[in-house]
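S.K.: Dumping the structure here so I can ask a few things about it.
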Amino acid sequence: MKSIVLYSSKYGTTEKVAKELALTLQCDLKNLDETKVSLSEYEQIIIGTSVYMGRLRKSVQKFLIQEIQALTNKKITIFFCCNEETDYQALVPTSLKNNAQVYHVGYELLTDEMHFFDKWITKKVAKQTEPVHALNQQTIEQLKNHIQPKL
Ligand SMILES: Cc1cc2nc3c(=O)[nH]c(=O)nc-3n(C[C@H](O)[C@H](O)[C@H](O)COP(=O)(O)O)c2cc1C
C-alpha cells in the first residue's frame with residue numbers, strides 16, 4: 001500500500017512524530033506548509049497537525065477542504081498534537097468522520113523556541129514558562145501499528 005505522511009508543525013513537535021511514522025513505513029513525507037501534493041498515487045494518507053487557539057494549522061485546514069473528495073476513498077489517519085482539554089474530534093471534517101482513524105499523540109510546549117507572543121500566551125493560559133514534553137509514546141506505537149500494512 002503506497003503511503004504518505006503529510007504534516008504542518010510550528011515548533012517541530014508534529015514534525016518529529018510525522019518523521020517517526022514515515023521512517024516506520026519507509027514512505028514519503030511532506031510538509032504541507034512548503035509543498036502541494038498530488039494524492040492520486042497514494043492509497044494511505046496520514047495527516048498530522050498541531051492545534052493553536054482551538055484551530056488546526058492553516059495549511060492542514062486548507063488541504064482538507066481542497067482535497068476532501070480525493071480523500072474519501074483512501075485509508076486516512078489523522079493525528080493531533082494538542083493538550084488533553086482540546087476536543088480534537090470536533091476538528092475532524094464531517095465528511096471524514098466515518099473513514100478517518102483519529103489519534104491524539106500528546107503535545108510539547110517548547111518555550112525555549114517560541115516567539116515572544118506564543119511564549120506570552122503559554123505563560124498566561126497554560127501557566128508554563130519551562131518546556132513541557134508530553135508526547136504519548138504508547139499512543140504513537142498504537143498509531144504505528146494501525147498504519148502498518150497487515151500481512
Ligand atoms: C500560542 C499557543 C497556542 C496554543 N493553543 C492551543 C490550543 O488551543 N489547544 C491545544 O490543545 N494546544 C494548544 N497549543 C499547544 C500546541 O498545540 C502544542 O505546543 C503542540 O505540541 C505544538 O506542535 P507543533 O510544534 O508541531 O506546532 C498552543 C500552543 C501555543 C504556543
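S.K.: Among the listed pairs LYS58/LYS144; LYS36/LYS75; LYS30/LYS124; LYS74/LYS97; LYS16/LYS97, give every one whose C-alpha distance is greater than 23 Å.
M.R.: Table pairs above 23 Å Cα-Cα are LYS58/LYS144; LYS30/LYS124; LYS16/LYS97.
S.K.: I'd like the antiparallel share, as a percent to the nearest 5, of DSSP beta bridges with both residues in the stretch 3-147.
M.R.: Among the beta bridges of the stretch 3-147, antiparallel pairing accounts for roughly 20 percent.
S.K.: Dipole magnitude of the chain about its Cα centre, charges +1 at Lys/Arg Cβ and -1 at Asp/Glu Cβ only, in debye to the nearest 20?
M.R.: Once rounded to the nearest 20, the dipole reads 320 debye.
S.K.: If R0 is 41 Å, what FRET efficiency do you get for ASN73 and THR129 from their C-beta distance, rounded to 0.05?
M.R.: 0.30
S.K.: Further, regarding this structure: Only helical DSSP H runs with n ≥ 4 go in: add -39500 (n - 2.57) per run for the chain, normalise by residue count and round the 222 nm mean residue ellipticity to 500 deg cm²/dmol.
M.R.: Calculated mean residue ellipticity at 222 nm is -8000 deg cm²/dmol.
S.K.: Mind checking the angle between helix 13-25 and the chain's longest principal axis? C-alpha axes, 0 to 90 degrees, to the nearest 10.
M.R.: Between helix and principal axis, roughly 30 degrees.
S.K.: Give me the angle, in degrees from 0 to 90, between the Cα long axis of helix 137-147 and the longest principal axis of the Cα atoms of the chain, rounded to the nearest 10.
M.R.: For 137-147 against the chain, the angle is about 20 degrees.
S.K.: Find the centroid of the Cα atoms in the stretch 78-124 and in the stretch 8-37, then give the distance between the two in whole Å.
M.R.: 15
S.K.: I've got another one for you. Scattering from the C-alpha atoms of the stretch 3-147 alone, worked out with Debye: what is log10 I(q)/I(0) at q = 0.09 1/Å?
M.R.: At q = 0.09 Å⁻¹ the computed log10 ratios are -0.26.
Any read-out appearing in this document is the output of simple, stated calculations on the displayed coordinates, not a laboratory observation. In this text, all values refer to a predicted model and were calculated from it rather than measured experimentally. Positions of Cβ are generated from backbone atoms using ideal geometry, with glycine treated the same way; all protein chains shown enter the neighbour counts.
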